[in-house]
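Input: a single structure, listed below in structure tokens.
The values are calculated or read from the model by the stated rules, or taken from the named source; none is laboratory data. Quick caveat, the model's predicted, so the values are computed rather than measured. Here Cβ is always computed from backbone atoms with ideal geometry, including for glycine, and neighbour counts include all displayed protein chains. With ligands, DNA and RNA removed, areas are computed over all heavy atoms of the protein, side chains included. Shrake-Rupley method; radii C 1.70, N 1.55, O 1.52, S 1.80 Å.
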Amino acid sequence: MVISRRLAKIPDSYFGKTMGRKIEHGPLPLINMAVGIPDGETPKGIVDEFANGLRVPENQKYGAFHGKESFKQAIVDFYKRQYNVELDKDDEVCILYGTKNGLVGLPNCIVNPEDYVLLPDPGYTDYLAGVLFADAKPYALELEPPYYQPDFDKVPGEVLSQTKLIYLTYPNNPTGSTVTQDVFDDVVQKFRGTQTKIVHDFAYAAFGFDHKNPSILQTAGGKEVAIEVYSLSKGYNMSGYRVGFAVGNKDVIQALKKYHTHHHAGMFGALQDAATFALNNYDYFLDKQSEVFKARRDRFTAILDEGHIPYEPMTGGIFLWLKAPKGYDGEQFVEFLLQDQSILVAPGIPFGENGRHYVRVSLALEDEQLDEAAKRLKSLSAMYKE
């Protein structure tokens, strides 16, 4: 095989390996609860705007590398409206062809080989690849149940003093945990005036059940230390469009923009038009998305509770973090569920060592399938008895 040493040392992407593969399951109809995106359609107005944009002559040619003024202004207006955060559209906004490109590319922009990067455990699987591509040193930021909040006192001082970048993500993928503004206040206060920068992955921003999810940039001094990466994929049902953006600390944003001028030749203009229309016109849809998934959580967990099936508190996002029964790790339980109950879920181990005995359950399904899946899981209550 022809492969560089750097690429060879990076583990295969879990979802790259598993998405689209043929699933062999038990005798019941398959229920796929491993999907990481909401199941609804893109709102018609956004689709129409995209279709109209295809016919605009300027969109059929190369555009400005850093995006249309209209799209950048829509991002600025959105953050002001949603979070009361002021942004400079030229210095503090970077358009991303899918937020994964920004999250994985970021270490190459601001981290050197001798630096540490703290990665949430459990947390999104592909952060690690970005750190390894930069030849930096990953270190687990242990997140513990039931609330999975960062505790930097558990990181050795010699590691923390050499940490250049910290990844946070709330609502957390995979645990469904959220934080309040005071958590971000503490993080920003701790790292103001240091070499350490924060990237907050805000992919599931729309989904907050007990309270509106805060932005780290709302914290006083937040822009001194942090950027936030926002995705249109989940809140607007636009996962196939691959549109997102990073906002915040101008030095980090400028480094990220420079990086992307060498990796991308600007975003397709029609996509920018569709994204602009979404940001400017669909605030109500974000609220609706949250209401849908809160109702699904309530409906699903009520049935699990009847069977005393243990799970961690889900206060946001679209995933439930489910404990595997005694005697099973997450991967073994995935296989058991697939063959015994014809339910496909994601194992917890790709999300970090703290996920070894968990599975991630997506609620991106219609009520009928959710009810059926919950009843099948409830039938396993004997497996959870000591």
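Checking a compactness column here: for the stretch 1-115, what do you get for Rg(Cα) / (2.2 N^0.38 Å), N being the number of residues? Its radius of gyration relative to the 2.2 N^0.38 Å reference: 1.53.
In the context of the full set of protein chains, residues of the chain present 44 Å² of accessible surface per residue (probe radius 1.4 Å, heavy atoms only). Expressed per residue, the C-alpha convex hull volume of the chain stands at 152 Å³. With the convex hull constructed from alpha-carbon coordinates only, the stretch 203-336 shows a mean projected area of 11.7 nm² over all directions. Full extension of the chain segment joining LYS385 with ALA140 gains 85.0 nm, where the gain is 0.36 nm per residue of separation less the Cα-Cα distance. Taken one residue at a time, the phi angles of the stretch 325-330 give Karplus couplings (6.51, -1.76, 1.60, θ = phi - 60°) of x, 4, x, 10, 8, x Hz. Gly and Pro are set to x.
Quick check on the chain: helices-only [θ] at 222 nm, where DSSP H runs of length 4 and up contribute -39,500 (n - 2.57) each and the sum goes over total residues. Nearest 500, please. Let's see the in-between values first.
Values: 14 runs with 143 residues, N = 386.
Taking each H run of at least 4 residues, the total per residue is -11000 deg cm²/dmol.
Per atom type, the stretch 267-386 shows carbon and sulfur on 48% of its accessible surface, probed at 1.4 Å.
Share of the stretch 58-203's accessible area from carbon and sulfur, percent, 1.4 Å?
So the carbon and sulfur contribution to the accessible surface is 47 percent.
When each of the peptides 211-224, 258-271 is scored by the mean number of other C-beta atoms lying within 10 Å of its residues, the order from highest to lowest reads 211-224, 258-271. For THR163, the residues whose modelled amide H falls within less than 5 Å of its own, excluding neighbours fewer than 5 places apart on the same chain, are TYR116.
Mean sequence separation of contacting Cα pairs (under 8 Å, at least six apart), scaled by the length of the stretch 133-229, corresponds to a relative contact order of 27 percent.
Need one number: % antiparallel among DSSP beta bridges in the chain, to the nearest 5. Beta bridges within the chain, antiparallel portion: roughly 45 percent.
Over 27 Å between C-alpha atoms is what I'm after, so list which of LYS223/LYS323; LYS223/LYS288; LYS22/LYS212; LYS154/LYS323; LYS44/LYS72; LYS234/LYS326 land there. Those over the limit are LYS223/LYS323; LYS223/LYS288; LYS22/LYS212; LYS234/LYS326. Extension gain for GLN254 to SER70 (0.36 nm times residue separation, less C-alpha to C-alpha distance): 64.3 nm.
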